[in-house]
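The values are calculated or read from the model by the stated rules, or taken from the named source; none is laboratory data. Not measured: the values here are computed from a predicted model. All Cβ positions, glycine included, derive from the backbone under ideal geometry; neighbour counts span all protein chains shown.
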């Protein structure tokens, strides 16, 4: 079973081509890092897969079906700075938003939904902050709340956009532990990531992206110096300085 | 009795606008209310030209269509690369100008003058009555009640959807919420609210009523629900205190109501616990007085 299949996906903003002819096939049960330089189209790839961009061509299948938001098979963690954290609401309420897809339009969250939301907050170590206004949380705590919301979606395939940006070390450890736990439960997780130092540790599958796919496969096969240089267009100077005969895994 | 109707109308304007205004503030689209309050004139005039009547029903229909048209045109210009504020500026001045032109060209001898539309006259409200189901009440009260009912029903049924599409539209889209339909439905409500409040406070002051109480409530609310309650409370308070002060000083009622919104906002802004000005100043003084000892 494939978690994700992408065929001939291209995206252009106005005249500028952001993604060109992306083809991917990734089996279920992997923790996948989407890696590439700034402007490579990493976030765009996720948004295109989630059908959020009108100006795209190509086909996307998730769990071998076309994406249908009503299936609740997909969980999503947008970039943290995509929302206004001064919005008047508390942590538990944001996590509860992860249940909205299951609840359906008009209907109100049930006691069970609230229990699930609370459990997810507990999973990310934030149960003590359930009533806290989200504006009073630190960046790392906000990211945990976003992750808890995705957990509350109880999805099969997760997409996360830069979940490690601007978080403290403890939060980073919590998040990666949860992601590995999701993988152990047979879920598929796709994470946009830009830190090459940790990539090989965190992910067992790597997609190298620079407007098109330069490599995709198990980490030990794809995370090589040659592939990285290709994805980063030879701009990885620090690698030349620390030139060594080992690859990055 | 007339005083009662004026107070009731003012309070209903305060409640209805206060409720509707909350999501304008949260969606950071306060200025679209300004645009809609002007372009509904265009809708009303066109409705009059087509139906040759000034009935409240057709006014509401015309206003709703004008509001949707405004929202749509602003969105269109924005997607064409214009900034939102510029798009709003272009759209509403053009449609408002068309409305003014149409009034003078086609509706010259009807009671539909620009000054009335801009300023309204709440003191005249009690004399223009409607009889519905045997009840005789001022037309403005009927219209406000109907629109308030729409608002309450919409927010009751779509509270969580409005909250999520406002807080995180990208996530809302990913779970299949109809964010575009929500946006247009809400903008229709803003248009209806505007036209219902029109007769009493006019197009300029309705903006104050839509934005002021909600902005004040935003300063002191930890949840959207509480923000709605505070916003309605501030709306009513401004309407009632504004009325009595206008009576006391023999000045414009609508003007005084809007002025009171400004006063309430300033009071909350300055005296609000924890992060109001006064509080912060006090904290700063205390901080200065605290001696810092460094153990060596």
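For segment B:198-206, does any single residue satisfy the condition of being under 9 Å from the mean Cα position of the chain (by Cα), crowded, with 23+ Cβ neighbours inside 10 Å and on the phi < 0 side of the Ramachandran plot? Checking segment B:198-206: at least one residue is under 9 Å from the mean Cα position of the chain (by Cα), crowded, with 23+ Cβ neighbours inside 10 Å and on the phi < 0 side of the Ramachandran plot.
For the structure I just gave you, tell me whether residue A:45 is at pLDDT 90 or above and not in a strand (DSSP E or B).
yes
Scanning segment A:97-129 for residues that are within 13 Å of chain B (Cβ to nearest Cβ), over 23 Å from the mean Cα position of the chain (by Cα) and either surrounded by 17 or more Cβ atoms within 10 Å (Cβ to Cβ) or part of a helix (DSSP H, G or I) (or both) gives A:103, A:109, A:113, A:114. Does segment A:51-72 contain at least one residue that is surrounded by 18 or more Cβ atoms within 10 Å (Cβ to Cβ), in contact (Cβ under 8 Å) with a residue 24 or more places away in the chain and facing chain B (nearest Cβ under 7 Å)? No: zero hits.
Among the criteria (1) over 15 Å from the mean Cα position of the chain (by Cα); (2) farther than 30 Å from residue A:154 by Cβ; (3) surrounded by fewer than 22 Cβ atoms within 10 Å (Cβ to Cβ), the one residue B:233 does not fulfil is (1).
Do we have residue A:159 as in a strand (DSSP E or B), modelled with pLDDT of 95 or more and under 19 Å from residue A:33 (Cβ atoms) here? Yes; evaluated as a whole, the condition is true for this residue. For segment B:146-173, filtered to residues that are away from every other protein chain (no Cβ under 14 Å) and modelled with pLDDT of 95 or more, the residue that is surrounded by the fewest Cβ atoms within 10 Å (Cβ to Cβ) is B:149.
So which residues in segment A:83-96 are within 8 Å of chain B (Cβ to nearest Cβ) and in a loop (DSSP other than H, G, I, E, B)? Give the derivation first.
In the first step, residues of segment A:83-96 are kept if they are within 8 Å of chain B (Cβ to nearest Cβ); the result is A:83-84, A:87-90, A:93-94.
A:83, A:84, A:87, A:88, A:89, listed by residue number.
Could you list, in sequence order, the residues of segment B:217-255 that are part of a helix (DSSP H, G or I) and within 13 Å of chain A (Cβ to nearest Cβ)? Listed by number, the residues that qualify are B:217, B:218, B:219, B:224, B:225, B:226, B:227, B:228, B:229, B:230, B:231.
Screening residue A:80 against (1) buried (at least 23 other Cβ atoms within 10 Å of the Cβ); (2) within 12 Å of chain B (Cβ to nearest Cβ); (3) more than 22 Å from residue B:181 (Cα to Cα) leaves a single unmet condition, (1).
Every listed requirement among (1) in a helix (DSSP H, G or I); (2) over 18 Å from residue B:139 (Cβ atoms) is met by residue B:64 save one, (2).
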